[in-house]
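Following: one structure in structure tokens, then a few remarks.
The values are calculated or read from the model by the stated rules, or taken from the named source; none is laboratory data. All of these numbers come straight from a predicted model, not from anything done at the bench. Cβ sites come from the backbone with ideal geometry, for glycine too, and all protein chains shown count toward neighbours.
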Amino acid sequence: MQFAPGDPFATALEGSDVPPSVRAEWRERFGFDQPPGERFVRWAGALAQGQLGYAASRHRPVAEVLREALPRTLVLVSVALIVGFALGIAAALGQVRYRRRWPDRLLGAITLAGVAVPEFLVALLAMTWLGARWRIFPVAGLGSLGDAAAWPLWERAIDFLWHLALPAGVLALTVAARVARHQRAALLAVMHEDFIRTARAKGLREWDVLVRHALPNAIGPVIALLGLALPSLVGGAVLIERIFGWPGMGLTLFDALLARDYPLVLAAVLLATIIAVVARALTDAVAEVVAPRRASAQ
Amino acid sequence: MTALLQVEGLCVSVAHPGNSDPVSLLRDVRFALSPGETVGVLGASGSGKTTLALALMGLLPRDFTATGAVHFDGHELLSLSEGARRSLRARRISIVFQEPLTALNPRQRIGAQVAEVARAHGERNATRAHRLAVEMLSRTGLDDADERAHRFPHEVSGGERQRALLAMALLLDPALLIADEPTSALDVTVQAQVLQLLRAQQRERGMALLLVSHDLGVIATTCARTIVLHEGHVIEDTPTRQLLAAPEQPQSRALVDAVRPPEPAP
């Protein structure tokens, strides 16, 4: 980013009549004439003291911008994760239950499409049809405009969920497709085990055999896989937020990049990295709780 | 006495994808079993013993086809709906499998796995199902069944696992128990204990027992009658005593000779 041409004073003031001499003076005053390495060391020093700096493009401190954007992204990503995970596992269970019959083939085709089709395309299609043509969901934003701020809390909550539906739904679909494909394969591997035969010999329904015996033995790797897939999910969120105008971390980062707002970009990337690492540790812990035998197996 | 189980002309074949001719695993198998009778099914590996056990349970893999007739307890098993067969499983006809470690769900406590049998057949009260399971575990000779019930399969011994499997099979007091090589994976001393337990439970309940084994020694101590399977055919169906004294078929003789002590060296 440092090597690309331009800086805050070139882009933010583009087309304005600020003379080059004034720009040069500002660059000097804010230290933009220093070499990048030196500026990074100064930024890291400030960071060590808890200073994230000032986001010039927003005319606000970086910390304030992030504090506002982060919860929105967390809501988006976690709703997408939970919904996508549940949908994916349900799809895989249905596929294995009706293996090699039409539900398996249909869901297999859908999940393959879900993995293969880029999410921005899904997002644009959902926006066009569900948003613009049929007007079921709003196409962008966090909530309704106008007097919406005066609505009672529960109405605002519903309004928020209504606006969340499309971006979270599109993200959830891509999660669901991946989860379903891996979960189906893991389930099929477990279905050959002897204890599945035992479960059937007990007179259990096939659905109970799947949910009570196959799934607990097949879900561990899928949770672990989710931990690995989280960074790409965060990456996907950048696109989705941009498309649906969801003012979270992704959109903040995107705008900051265009505006060459170095402190904001650095802080956003740093925060995303920390979240990815923490989330990774969390999924490992969840996998350990869901599949407790792993460590104590002989 | 009318037969509890009557197998007539049972044929099982499996179609291999890419191979036009289905492979026959059981051919025209016929035998009968009276209530409370103990019958051994003897045969070398690949003779179709396990296929027979699975066919009786209705647990053959989907690409297997079974034809013929299996009358059990007033039902024609092969033409029964899946739901009706399911309700017979573990309630009227049970099975104990060979390998007790892999036959148990590694992520479920033993007590829960036994209790699940009761719950699958209509017991809605979880506490009652659990109590029933613990009781049955102690009746199958699990020491300290209350505590063992809370353990995972890998936390108990092989013999204890086999006892847990037996507790599952016996929980609802079935009329027929199929034991598919129940002792092959166990130490010799544990083998003897499990066989003794099988015999005791069989006598106590007056249930019929179909003991599947490649080991005539195991069958001879337990079963009054023996059916010998060879390449999917029943080649002999005689009292065990007679089989031991004078096997008719050369294949049965080989299985009988296998358990005779060798001639002492000169």
Condition test on A:Ala149, is it at pLDDT 90 or above and either of a type in the set (Gly, Ala, Ser) or surrounded by fewer than 18 Cβ atoms within 10 Å (Cβ to Cβ) (or both)? no
Test of understanding: among B:Gly74, B:Gly111, which residue is more than 17 Å from the chain's Cα centre (by Cα) and either crowded, with 23+ Cβ neighbours inside 10 Å or under 12 Å from B:Leu165 (Cα atoms) (or both)? B:Gly111
Determine which single condition A:Gly141 fails, assuming it passes every other condition in (1) assigned to a helix (DSSP H, G or I); (2) on the phi > 0 side of the Ramachandran plot. (1)
When you scan the stretch B:217-234, how many residues do you find that are over 25 Å from B:Arg161 (Cβ atoms) and buried (at least 19 other Cβ atoms within 10 Å of the Cβ)? 8
So, B:Leu142, is that one within 12 Å of chain A (Cβ to nearest Cβ), touching a helix residue (DSSP H, G or I) at 6+ places or on another chain (Cβ under 6 Å) and within 21 Å of B:Gln193 (Cα to Cα) or not? no
If I ask for residues that are over 26 Å from the mean Cα position of the chain (by Cα) and closer than 21 Å to A:Phe254 by Cβ, which ones from the stretch A:37-52 would you list? A:Trp43
Filtering the stretch A:197-211 for residues that are without any contact (Cβ under 8 Å) to a residue 60 or more places away in the chain and either among the acidic types (Asp, Glu) or buried (at least 19 other Cβ atoms within 10 Å of the Cβ) (or both) leaves a count of 10
In the list B:Gln162, B:Gln196, which residue meets the criterion of being in contact (Cβ under 8 Å) with a residue 24 or more places away in the chain and of a type in the set (S, T, N, Q)? B:Gln162
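Residues checked against (1) surrounded by fewer than 19 Cβ atoms within 10 Å (Cβ to Cβ); (2) more than 16 Å from A:Leu74 (Cβ to Cβ):
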residue: A:Arg242; (1), (2): yes, yes
residue: A:Arg260; (1), (2): no, yes
residue: A:Leu266; (1), (2): no, yes
residue: A:Thr273; (1), (2): yes, no
residue: A:Val277; (1), (2): yes, no
residue: A:Asp284; (1), (2): yes, yes
Scanning the stretch B:59-76 for residues that are touching a strand residue (DSSP E or B) at 6+ places or on another chain (Cβ under 7 Å) and within 14 Å of chain A (Cβ to nearest Cβ), which turns out nearest to B:Cys11 (Cα to Cα)? B:Phe64
May I ask you to verify whether A:Ala295 is at pLDDT 85 or above and either closer than 21 Å to B:His154 by Cβ or within 14 Å of chain B (Cβ to nearest Cβ) (or both)? no
Do any helices (runs of 4 or more DSSP H) lying entirely in the stretch A:155-274 carry at least 2 residues that are within 14 Å of chain B (Cβ to nearest Cβ), and which ones are they? A:194-201, A:220-244
Quick check on this structure: which one of B:Leu171, B:Leu197, B:Leu165 is within 19 Å of B:Gly141 (Cβ to Cβ) and touching a Gly at 6+ places or on another chain (Cβ under 6 Å)? B:Leu197
Just to be sure before I move on: is B:Pro174 in contact (Cβ under 8 Å) with a residue 12 or more places away in the chain, out of contact with any helix residue (DSSP H, G or I) (no Cβ under 8 Å at 6 or more places or on another chain) and not in a helix (DSSP H, G or I) in the structure I sent? yes
Given the criteria more than 14 Å from every other protein chain (Cβ to nearest Cβ), out of contact with any Leu (no Cβ under 8 Å at 6 or more places or on another chain) and under 26 Å from B:His75 (Cα atoms), does B:Val190 qualify? no
Over the stretch B:90-136, the set of residues assigned to a loop (DSSP other than H, G, I, E, B), among the hydrophobic types (A, V, I, L, M, F, W, C) and more than 7 Å from chain A (Cβ to nearest Cβ) is B:Leu101
Residues (outside any helix (DSSP H, G or I) and either loosely packed, with under 15 Cβ neighbours inside 10 Å or not assigned by TED's automatic domain parsing to the domain that holds B:Asp73 (or both)) located in the stretch B:178-211: B:Ser184, B:Asp187, B:Gly206
